[in-house]
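Take a look at the structure set out below.
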Amino acid sequence: MWQKIPIPVKTSTPSLQGLLSPGGLHSLAIGTTTGYRLFSLSSVEQLDQVHESNEIPDVYIVERLFSSSLVVVVSHARPQQMNVYHFKKGTEICNYSYATKILSIRLNRQRLVVCLEESIYIHNIKDMKLLKTIMDTPPNTTGLCALSINHANSYLAYPGSATSGEIALYDGNTLKTACTIPAHDGPLAALAFNSTGSKLASASEKGTVIRVFSIPGGQKLYEFRRGMKRYVNISSLVFSMDSQFLCASSNTETVHIFKLEHLTDSRPEEPPTWSGYMGKMFQAATNYLPAQVSGMMSQDRAFATVRLNISGQRNICALSTIQKLPRLLVTTSDGHLYIYNLDPQDGGECVLIKNHSLLGSGKMEENKENNLQPPVPQSYAATVARQSTVPSTSTMPGYSEDGGALRGEVIPEHEFATGPVCLDDENEFPPVTGDGAKMVKPKQR
C-alpha cells in the first residue's frame, strides 16, 4: 500500500510527502526547500538515496509512479504548475498549469489526478491528456482525495460535502459517478483505498472513529474506535497490501493498527463457561440500548499500537512486508524513518528495530541504544527484533538502474492498463509535442 500526504515545507527539515510500498518495493519521496529526494528501502538495514534534484526549490508535492522513473513535482515557487519528469534521464516530459493552487496529486498506472480546492482534473497517464474535469466540488482546502492504486479499479474518492462526512465515489475508468457514501457526521479528514480498490477507509475531523466500506457498493464493513478522550487530526490512513490490517496515525504520539477480521455466523459454540455466558448476555443487552451506546460497545479497538517519542508532528505510515516479515514504517516531519516489527498473531506494542535519517546522504543511521531499549517481552515482535541477518541479494528486493525496476518484482514494472511502456525510451512515454507545456482551463458550464 502507498500513501502520500503533503506536509508544509520547513526551513531546516524536509517536507515529507509520503511512503510508497507497492508489493515488495518500499520507496520514499520527500520534498525539501532545495528540491526533492527519492529513497529505496531494500531491507530493514539498508536505505538508499536513488535520486536527488535541486533544480526546483520548495517542493511540497512529489509523487513517484511506483518504482518507475516517472516523477510528478509541484513547488511553492509555482504552486499552480505540475511538472512531470523522467528523473533517470533528467528530462521533463511535460507540464500543466491550472487556475488555482495544486493541493494534491494521486496517480496509478492508468490515471493521474490533480486536486484543486474546488475542482478535480483526471488525466490519462499514458499520454497525459485531460480526460475529465470535475467542477464545483465542495470546498476542499486540504486537497483530500484518494485514488486506488489498482488501475483496473481506478476509483477516486473525495469529500462530497464541506459540512458532513459524505464521500463522493467516482469511477476513473468509465469517468462516471459511482455512488455517495454517508460515512460520518462531521467533515472528512482522511481517505484510503486498499490495494485492490475493493475497500475504502475513512475518518472524520474528530478522529475518534474509523470506518471501512465496500467498493463500489458503499456498504459499511468495519468500524474501529481510535479513542474517546480527545479529538485528533488523522494525518495518515493506510491498509496493508493484503488488506488484513489498517493503520491510522495522527498528531498524537500513538499510532493505531486495526485488524480486519472476517466474522462469520458459523463460529463454533463457546464452552459453557461463566465468561462465555456473560459475553452472550452483554451482546444481547446491546439490542435494548440506544443506538449510539450500542454502537460504541460494538466498535473494535486497536489490535496493535506504537507509541512514538514525539507528539504534535505530522507523520506518515505504511504497513509492509520486508524480508518476509510484517513491518510498520513511520516517517516524521523532522526527517526520520522508523521501522517497527508487527506481531500478526498477538498484536500489542510494536517493537522499534531501526531508525533511518532522511537528512543525511541516504546511508543507514545507527540507532542509539537509549532509543531502542524497551522492556523485552517474550513476544513474536521482540524475538524477531533481535534478528539482524540481511538476506542475500538474490532474494532481497532492490533498486536497479534499468529505469527503477525491481529484481523479482511481482507486478511488472511498467505495466500500464494499455500495455507495457518503457520509460527508458522518451519516444514511448508519453508523446511530447512542442515544449510540453499546457494550460488547463475550466470548461464553461
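The values are calculated or read from the model by the stated rules, or taken from the named source; none is laboratory data. Bear in mind the structure is a predicted one, so any value in this text is a computation, not a measurement. Here the Cβ is made from the backbone with ideal geometry for all residues, glycine too, and neighbour counts use every protein chain on show. Note: accessible area is taken over every heavy atom of the protein model, side chains too, but ligands, DNA and RNA are not part of it. Shrake-Rupley method; radii C 1.70, N 1.55, O 1.52, S 1.80 Å.
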The answer for H51, listing residues at least 5 apart or on another chain whose modeled amide H is closer than 5 Å to its amide H, is L38
Shape category assigned to region 18-105 from the gyration tensor of Cα positions, a/c cut at 1.5 | prolate
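What accessible area per residue, rounded to a whole number of Å², is obtained for region 31-109 using a probe radius of 1.4 Å?
About 29 Å² of surface per residue is accessible.
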Rank by packing, highest mean first: peptides 90-96, 104-110, with packing defined as the count of other Cβ atoms within 10 Å averaged across residues.
-> 104-110, 90-96
Please turn the phi angles of region 349-358 into ³J(HN,Hα) values with the Karplus equation 6.51 cos²θ - 1.76 cosθ + 1.60 (θ = phi - 60°), one per residue in order, whole Hz, x for glycine and proline.
-> 6, 6, 9, 6, 10, 7, 10, 9, 8, 9
Exposure ranking of V74, V50 by accessible area [1.4 Å probe, largest first] = V50, V74
